[in-house]
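Asker: The following block contains the structure, expressed as C-alpha cells.
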Amino acid sequence: MKSFKFDWFVLPLVGVAAVLILWQISCATWAKDLPTPAKTWETSKPYIVEPFAKRGEMDQGFLRFTWYSLQLVAKGYLLALLIGTPIGFFLGLSKTFTKIFDPIIQVLRPVSPLAWLPLGLVLFMGAGKDASELGALFTIAICSMWPTVLNTAVGVRAIPQDYLNVAKVLKLSRTKTLFKVLIPASLPYMFTGFRLSLGIAWLVIVAAEMLTGRPGVGGFLWQEYNSLIYEHIILCIVTIGVVGFILDRLMSVVEQKFKTA
Amino acid sequence: MAYLELKNISKNFGGSPVLKDINLSVEKGEFVAIVGFSGAGKTTLISLIAGLLKPSNGSLMLNDLEITQPGPDRGIVFQNYSLLPWLTVFENILLAVEAVNPNWSDDKRKAHVEKYIAMVNLTPARDKKPGELSGGMRQRVSVARALAMDPQILLLDEPLSALDALTRATLQDEVSRIWSDDKKTVVMITNDPDEGIYLADRIIPLTAGPGATLGSSFTVEIPRPRDRKSINHDPHFKQLRREIVEFMLGSKQERHTAITRKLILPDIEPEDLNIPRNMTGWRKTPIRKNEMKEESVEVNS
C-alpha cells in the first residue's frame, strides 16, 4: 500500500515540482515576460475559486468556459462518429469503395483544422448568428473523423473468416450479420478510433474558438493574450491539458469494456 | 442414390489441384471418417461439402439437391470452434436456433437451446462467454450449436485435434453417445486413424497432397457400443489400423517432386587457351563465359 501511494502520488508530484522550478528559473533568466508560478496563481485565483462565475461574456470561471467548449466538442464529435463510422464500414467491406475513396481520404486527412475553419465559415455564412458555431462544428467533425473512419475500416477488414463463416452457414440476413457479427467483432478497433477522434476533437476546439472568438477555453486564451494577461494563458493551457487527459482516460475505460477475447 | 454424393470433385486455388477425382457417397445415418495428413486438403474438402467453397469441377448432391451455398441443413463443427466471443454459450446456440427456426416462439427456442446445452453437459456454464471456457468446453458448445440446428448432416472438421489426449477421449465418447442417440449422418475429418476407427462405420483415407484423392474405404466391423479399453486388443482393430497407416504412408512415398532450378555459376572460368592469340594486341582480355546451367533435385514432399 505504501509503495502504491509512493508510485502513484509522490513520484508524479516530483515531476510537477521539477517543472515549476524550471519555470521559475526561466522567468528569472531568459523569459522575462513569462509570469512566475506564484504570479500566475495569484492572477488566476478568481477564476479557479469561483469556477462557475459569470462576470461578462469573456470573463467567466474556468469550469464554465470548459463547459462551453465541451458542449461544442460533444456536438462536433458525435457528428464525426455518425458520419465516420458508416464510411469506415463501407471502406472495410468493399474493395471498390476503398479504391474510389481512399486517395481522397488520405489527402484530406493531414489538413490542419486551421485550414478547414475558414472554409467552414464560408460554407455557413448564410446562417448569420450561428455561422461561427456551425463553422466550428464542421471543422471539429471533419478533423476528428479520420481516426474513426480508418480504424473502423481496419476493424471490419480484420474480422476473422471464422465469424463470417458462421454467419454464412446460419444464413443470417444482412442486418443480422451486421448487428450480430460485424459490429461486435470490430468494436474494439472502432473504440480505438473513437478515442483518437476525441483527442483530436479536443485539439481542434481550441483553434476553432481562437479564430471565431467564441466563449470557451480557447476563446478566453486568445482574448487574454490580446489583453496582455499572460497568466491566464497558462491557466488555459493547464485546463486544456487536464480536460484532454480526463477525456482520454474516460474513453480508455470505455474501450477496455469492449475489448472482447 | 446415396444421401450425400460427391462426383469427380476437384478443387484448385489457381495453381495445381489441391483435391482431384474425389468420389464419395455416404448413406443416411452413416458415420464416415476421412483420415488424412495435415495439409492434404481435408478442410478444403469439408468446406466444399459445407458450401463455403465451390468445386472447380464435379458436383455435390445432398438428398438429391445440388449444394451451391452454405446453409443450416449442414451443421459444421469447425476445428477452431468458431464461437462468437461476445455472446454467451446460451446466446451462441440461440443465434443458430433463431436462424433456423424463425417461426418458433421464444419459449420453444429457449427450451430447445437448454436441451442441447444439457446434452453436452454444459448447463453450469450456460451464461459464460467462450473466453472463460476451456478448449474442450468450447468444442462442446460448438457441437451443441451444430446439433441444435437439427441439420440433415453433421460435418466435423478435425473437431478434437486441438485438445489434449484426455479431453479428446472424453469428447470422443460424447460424440459417440450423441451419435447413437441421434443417428445423424456424420462426416468427420480427422488426422488420427484410431479416432476414426473408434467412432466411424467407414473410414476413407485421403492421400497426401497436392492433388489429394480419396482411397478405397475401410469398413469398421467392430460392434457398437465400442469399448475404448478392449478395442485396443481387438484383432480387427489392429489390422484395420495397420492397413490404413500403411496405405497412407504408401501414398506419401509415391510422391516425389522434381524441382528444377537455375544455377548461375560464378564468372571464374579460366581463359580459353585454345583460341590463338593474335599478336597485334587486339584481344588482350581473357575470354570468359558466363554459363547458365540447370539442376534437377529430387524432393520428398
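Asker: If you take the residues in the stretch B:3-30 that are free of Cβ contacts under 8 Å to residues at least 60 places away in the same chain and within 19 Å of B:Gly75 (Cβ to Cβ), which one is surrounded by the most Cβ atoms within 10 Å (Cβ to Cβ)?
Answerer: Start the filter on the stretch B:3-30 by keeping residues that are free of Cβ contacts under 8 Å to residues at least 60 places away in the same chain, which leaves B:5-15, B:25.
Restricting the remaining residues to those that are within 19 Å of B:Gly75 (Cβ to Cβ) gives B:5-6.
Working: B:Glu5: 17, B:Leu6: 23.
Once the filter is applied, the top-ranked residue is B:Leu6.
Asker: Scanning for something at pLDDT 80 or above, surrounded by 15 or more Cβ atoms within 10 Å (Cβ to Cβ), outside any loop (DSSP other than H, G, I, E, B) and not assigned by TED's automatic domain parsing to the domain that holds A:Met210, does the stretch A:56-66 turn up at least one residue?
Answerer: Within the stretch A:56-66, not a single residue is at pLDDT 80 or above, surrounded by 15 or more Cβ atoms within 10 Å (Cβ to Cβ), outside any loop (DSSP other than H, G, I, E, B) and not assigned by TED's automatic domain parsing to the domain that holds A:Met210.
Asker: Against the condition buried (at least 21 other Cβ atoms within 10 Å of the Cβ), out of contact with any strand residue (DSSP E or B) (no Cβ under 8 Å at 6 or more places or on another chain) and β-branched (Val, Ile, Thr), how does A:Val204 come out, does it pass? Full working, then the answer.
Answerer: Values: buried (at least 21 other Cβ atoms within 10 Å of the Cβ): yes; out of contact with any strand residue (DSSP E or B) (no Cβ under 8 Å at 6 or more places or on another chain): yes; β-branched (Val, Ile, Thr): yes.
Considered against the rule, which asks whether it is buried (at least 21 other Cβ atoms within 10 Å of the Cβ), out of contact with any strand residue (DSSP E or B) (no Cβ under 8 Å at 6 or more places or on another chain) and β-branched (Val, Ile, Thr), A:Val204 comes out as yes.
Asker: From B:Ile93, B:Ile67, B:Ile76, which residue is facing chain A (nearest Cβ under 9 Å), under 17 Å from A:Val169 (Cα atoms) and aliphatic (A, V, I, L, M)?
Answerer: Checking each option against the conditions leaves just B:Ile76.
Asker: Another question, if that's okay. Which of the residues belonging to the stretch B:107-134 are in contact with a helix residue (DSSP H, G or I) (Cβ under 7 Å, 6 or more places away or on another chain) and either within 14 Å of another protein chain (Cβ to nearest Cβ) or closer than 30 Å to B:Leu65 by Cβ (or both)?
Answerer: The answer is B:Arg109, B:His112, B:Val113, B:Tyr116, B:Met119, B:Val120, B:Lys128, B:Pro130, B:Leu133.
The values are calculated or read from the model by the stated rules, or taken from the named source; none is laboratory data. Predicted model, so just to flag it, every value in this text is computed and none were measured. Cβ coordinates were reconstructed from backbone atoms using ideal geometry, including for glycine residues, and neighbour counts include every protein chain displayed.
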